[in-house]
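To start, the structure itself, in C-alpha cells.
The values are calculated or read from the model by the stated rules, or taken from the named source; none is laboratory data. From a predicted model like this one, the values you see are computed outputs, not experimental measurements. Cβ atoms come from the backbone with ideal geometry, glycine included; neighbour counts cover every protein chain shown. SASA here: full protein model, heavy atoms, side chains in, ligands and nucleic acids out. Shrake-Rupley method; radii C 1.70, N 1.55, O 1.52, S 1.80 Å.
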Amino acid sequence: YIPLPPIGVQSITDTTAAAGVVIAAASAASATVNIGPDFAIFIAESASCRWRDDGTDPTGTVGMQLPFGQYFYYDGNISKIKFATATGGSVQVNCALYKAN
C-alpha cells in the first residue's frame, strides 16, 4: 500500500447541464510542471447520474451510469470528465483528488 497525497475535494452541484471538475490553472512559473490531479474518486450523493470523458457531454440518457451511492475510481484525464443528472433535476457528485507518487 502506497498512500496517495490528497490535493483537493470538490462538489459538483449543478448537473442539470453537463458539469465537470474545476482544476485550478498552473501559474506561469510552474506551467511546465504537472501539478494537477492524477486520480480521483467520485460518488453520486443524491441520485444516479451519467458521465463521459470523450469530449461529448453526457445527458440523462447518454453516457456511463454512476448509480447513487456507488464510488467510481478514475485515473483518466480528469479535466475531460463531465457528469449530468440521469433523473431530471440536479445531483451532487463529490470527488476527492489525488496526486500519484
For the range 34-92, the count of residues that are assigned to a loop (DSSP other than H, G, I, E, B) and in contact with a Cys (Cβ under 6 Å, 6 or more places away or on another chain) equals 2
Taking the range 64-101 and keeping residues out of contact with any Ser or Thr (no Cβ under 8 Å at 6 or more places or on another chain), open to solvent by less than 70 Å² (accessible area, probe 1.4 Å) and either without any contact (Cβ under 8 Å) to a residue 60 or more places away in the chain or of a type in the set (Asp, Glu) (or both) leaves GLY69, PHE72, TYR74, GLY76, ILE78, GLY88
